[in-house]
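The structure appears right after this line, and notes come after that.
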2 protein chains.
Amino acid sequence: MSRQIGVIIDYLTEEYRRQIDAAAAQHGFAVRYYPDSKSAAGSVDDCEILFGHCSQKVIASAKSLKWFCCCWAGVDRFCKDELYQNPDCLLSNSSGAYGVTIAEHLIMTALMLLRRQGEYGDLIRSGGWDTLPGSIHSLHGSRITVLGAGDIGTEFARRARAFCPAKIVGVRRSAKSGDPAFDEMRTNAALDAILPQTDLLVMALPNTPDTAGILSRERMALLPEGAYVLNVGRGAAVDQDALIDALNSGHLAGAALDVTVPEPLPADHPLRGAKNILLTPHVAGNTTLPYTRQRTIDMFLEDLENYVAGKPLRRVVDRKMFY
Amino acid sequence: MSRQIGVIIDYLTEEYRRQIDAAAAQHGFAVRYYPDSKSAAGSVDDCEILFGHCSQKVIASAKSLKWFCCCWAGVDRFCKDELYQNPDCLLSNSSGAYGVTIAEHLIMTALMLLRRQGEYGDLIRSGGWDTLPGSIHSLHGSRITVLGAGDIGTEFARRARAFCPAKIVGVRRSAKSGDPAFDEMRTNAALDAILPQTDLLVMALPNTPDTAGILSRERMALLPEGAYVLNVGRGAAVDQDALIDALNSGHLAGAALDVTVPEPLPADHPLRGAKNILLTPHVAGNTTLPYTRQRTIDMFLEDLENYVAGKPLRRVVDRKMFY
């Protein structure tokens, strides 16, 4: 019996199937495809590899699993050791597939906040046609801090640079140097010193014990009056009660959240009523883009080569680090 | 009696006043300041130069006027010869001050259309939290055509380039080469050949007899199904009835108009109800940005040097060309 790969993705095309089948056959694997975890349940016992958006339940049931390649970038839900029957099971993510679309979301929402597009939308919907009193703001000349300078933060910085900001500072856990799109790269230890010089704070962090609550009430107070906050990482990184207060008091001029606690965000949740908040329902990393989809396939097949050759996976996740 | 400059701007600051006074004094001019044309009416008879957002009435009443420097980029309203008591009166504009802010508006509205932000806004306002069925689209890989490749079109292209589009084609009246931000520069004669290869059509044209109705019903039909149209030039460039039809039939996937005919757009105007339309009330070139304001002052003072030295004005407008 040949070795088995189970692929659970809802965006399979004939072309993707052809690409995966060809690579698998070359290495003596057979592939079974499922549109979702429900249809895969009970039939992945013999899968050595799983790729896609698998439920925790499917992972936990996969007795022969040696490698799970998740088609998402954020894999915090899959970092519990007890999830895996095989304690050495490899976990990899698809970091690198989402930077392009999430960076577009970030530029869009940053400009919507700066240009007061929420208020202009209300005005047009009410049948009006006027220039609002007060000013708008610009990426041009803004001081931008990117908290989490991985694929998403870097793709954002590359695009933001074209708008001639005053400065783009990247903040990351380790001190390794960043992409040239950043003017400066600092570690988390410098965060409190950087926040007072930040007009636009972009948060693109994985969910780890270190990042939970990183934008605390105290740190929000360090941002200058009129600053903006954008979060596309995980909702837990932001103290939401403090954010509501900072928006309603006018300390912050606006916030755009694509991630919240909880998700879905209830219809009567107080975040929805905060002043100048721009909410989107966790769609920044929308997987409907052909580019994003093809990248997840390409990256899986690249790491399949590594796996078969016994080399380290390029996007392996340290389950203790959560990324 | 010294020669007079009249300055009519509503964004005068002490600093701008200091800059203008210093330059004027150096050349033997005295300056009078007015916050608006109403307050200037009847008192500009002796002004040799007017700078700012002057009404046609004030211009027509200025008996001694030799140069009107308009603080807007679009000066079509000031191109009628009969407006000027002195037939040789110079007209200049402030093209170059608005590219930065209008380019930000264009990137914002392009992304809002591509990412279906209008629908997501409706969903959030209704208390929902879901991914919409169907796909979103991306600047990444898009074929962009910029009709009107002046300051605004060029600043847009520079920013759009950072999003890795498939191609950016500029289309302009004359064949002179454009900024390197464009992959290719064509003349208006090639427009019909370019439209079928355009996913996103950005219009940033001055209002001239040549540009009125340039996006006709026939040309809209040349755009591929699912294309997007953005207009920040003048409303008259677009056949609005044809646009409504093209949006409602689904031939076009969306349109963002910052300019319309008429302005203000009446509350019951059919454009407001067109499918996937994103309207803004002529605020793309918002003059509340300090950058934009300072640029209009700097450019006026630069041309004041030219005027005094008897050199051609850098931003002189050919009243027969309308720009």
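Laboratory data are not the source of any read-out in this text; all were calculated from the coordinates shown. This structure is a prediction, so every number in the text was calculated from the model and none was measured. Neighbour counts run over all protein chains shown; Cβ positions are idealised from the backbone, glycine included.
Structure notes:
- Checked against the criterion of being closer than 19 Å to B:G153 by Cβ, surrounded by 21 or more Cβ atoms within 10 Å (Cβ to Cβ) and in contact with a Leu (Cβ under 8 Å, 6 or more places away or on another chain), region B:64-73 contains not a single residue that satisfies it.
- Entry remark, region A:279-304: residues being closer than 29 Å to B:G128 by Cα and either of a type in the set (G, A, S) or in a helix (DSSP H, G or I) (or both) number 7 in total.
- Filtering region B:119-171 to residues that are in contact with a Phe, Trp or Tyr (Cβ under 8 Å, 6 or more places away or on another chain) and charged (D, E, K, R) leaves B:D151, B:R159.
- Qualifying residue in region A:132-142 (condition: buried (at least 19 other Cβ atoms within 10 Å of the Cβ), more than 10 Å from every other protein chain (Cβ to nearest Cβ) and touching a Pro at 6+ places or on another chain (Cβ under 7 Å)): yes
- Test: B:F322 is part of a loop (DSSP other than H, G, I, E, B), away from chain A (no Cβ under 11 Å) and either among the small types (G, A, S) or under 30 Å from B:R3 (Cα atoms) (or both): yes
- Residue selected from region A:143-165 under the condition in a strand (DSSP E or B) and crowded, with 20+ Cβ neighbours inside 10 Å, by the criterion farthest from the other protein chains (Cβ to nearest Cβ): A:L147
- Looking only at residues of region B:96-116 that are within 18 Å of B:A227 (Cβ to Cβ) and part of a helix (DSSP H, G or I), we find that the one that is nearest to the other protein chains (Cβ to nearest Cβ) is B:L111.
- Candidate set: region B:115-155, residues that are in contact with a Ser or Thr (Cβ under 6 Å, 6 or more places away or on another chain) and without any contact (Cβ under 8 Å) to a residue 40 or more places away in the chain; chosen: the one farthest from B:L201 (Cα to Cα): B:Y120
- Subset of region B:247-287 (residues that are free of Cβ contacts under 8 Å to residues at least 60 places away in the same chain, facing chain A (nearest Cβ under 10 Å) and among the polar types (S, T, N, Q)): B:T260
- For region A:291-303, the set of residues classified as at the interface with chain B (Cβ under 9 Å from one of its Cβ atoms) and either surrounded by fewer than 16 Cβ atoms within 10 Å (Cβ to Cβ) or closer than 21 Å to A:R116 by Cα (or both) consists of A:Y291 only.
- Lone qualifier among A:R161, A:R172, A:R125, A:R143 - being in contact with a strand residue (DSSP E or B) (Cβ under 6 Å, 6 or more places away or on another chain) and not aliphatic (A, V, I, L, M): A:R143
- Checking each residue in region B:197-245 for being of a type in the set (G, A, S), part of a loop (DSSP other than H, G, I, E, B), crowded, with 19+ Cβ neighbours inside 10 Å and out of contact with any helix residue (DSSP H, G or I) (no Cβ under 6 Å at 6 or more places or on another chain) picks out only B:G233.
- Evaluation of A:Y307 against (1) farther than 23 Å from B:S142 by Cα; (2) assigned to a helix (DSSP H, G or I); (3) at the interface with chain B (Cβ under 10 Å from one of its Cβ atoms); (4) touching a residue at least 60 places away in the same chain (Cβ under 8 Å) (one fails), failing number: (3)
- Qualifying residue in region A:109-130 (condition: touching a Cys at 6+ places or on another chain (Cβ under 6 Å), surrounded by 19 or more Cβ atoms within 10 Å (Cβ to Cβ) and within 18 Å of B:Y291 (Cα to Cα)): no
- Hey, A:L83 touching a residue at least 24 places away in the same chain (Cβ under 8 Å) and buried (at least 21 other Cβ atoms within 10 Å of the Cβ) or not: no
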